[in-house]
Amino acid sequence: MTAKHYFDVEYEHLRNAIVTMGIEVEQHLFKAIDAHLQYNEALADTVVSYDHVIDKMEMEVDDLCVKLFAKLQPMAFDLRFLASVIKINNDFERIGDQAVSIARHSLYLIPRPRLSVDLTPMTMLAKEMVHHVIDALVNNNIYFAQDVLVMEENMDRFLMEYMGSIEAIMKQDPKNVRRGINLLFITRCLERIGDLTTNVAEDIVFYMNAKDIRHSHPEGEEKPGSAG
């Protein structure tokens, strides 16, 4: 087997591994969101207990990257791909951590009366952003990745709106404070997922066309509030 053929085989292996991890993280997040929206304690417990699986997948992808770096001298595109996968892998794991945090805060809220705040629009946006970057990876579609950069601005807007609503409810009655704080943490988790998903989208654009857009819109305009 030639070095080029070996790299092609391992490239597909690595690509499949990072896509598989992304899909697992997506499902992990969806369960955490459903647990919160449905006040489903058993589902929230499942999310928390599954976290070690995501951690193990992250280590396996890292090992694959290290082996490819060690055994081969990749060309420019291959090197961009490997460097991007290392960062994407880390961001996927951190999205998984945020899903666990959502589940844990939901476990506090579930036995208690609901506050009159519905996070559904923000959770739907988080799910859509993650799904878009998975589609971008699966289909090598740069446009799906670029769409995520636009969605991030809506995520930031949701955060500010929900923070205002939740803080107002907390001020109305001290009994609402602890539940309100847990809801605020969940909104921060969702906003952080938006940031991490944006990181993934930027890395996909980078390895596909060698364009670093971490501090700019696809059109080249400066992106406010960018999380690197």
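The values are calculated or read from the model by the stated rules, or taken from the named source; none is laboratory data. None of the values given here were measured: they were computed from a predicted structure. Cβ placement follows ideal geometry from the backbone for every residue including glycine, while neighbour counts extend to all protein chains displayed.
Looking only at the range 128-157, residues that are surrounded by 17 or more Cβ atoms within 10 Å (Cβ to Cβ) and closer than 30 Å to Arg179 by Cβ come to 6 in all.
Screening Val48 with (1) under 22 Å from Pro111 (Cα atoms); (2) surrounded by fewer than 16 Cβ atoms within 10 Å (Cβ to Cβ); (3) hydrophobic (A, V, I, L, M, F, W, C) gives one miss only, at (2).
Going residue by residue through the range 10-18, is there one that turns out to be assigned to a helix (DSSP H, G or I), over 18 Å from the mean Cα position of the chain (by Cα) and at pLDDT below 85? So far as the range 10-18 goes, yes, one or more of its residues are assigned to a helix (DSSP H, G or I), over 18 Å from the mean Cα position of the chain (by Cα) and at pLDDT below 85. Being modelled with pLDDT of 95 or more and either assigned to a helix (DSSP H, G or I) or on the phi > 0 side of the Ramachandran plot (or both) is not true of Ser84. Filtering the range 158-178 for residues that are within 18 Å of the chain's Cα centre (by Cα) and free of Cβ contacts under 8 Å to residues at least 60 places away in the same chain leaves a non-empty set. Of the residues making up the range 31-49, those that are among the charged types (D, E, K, R) and in contact (Cβ under 8 Å) with a residue 60 or more places away in the chain are Lys31, Glu41, Asp45. On the stretch given as the range 158-210, residues that are of a type in the set (Gly, Ala, Ser) and crowded, with 19+ Cβ neighbours inside 10 Å total 3.
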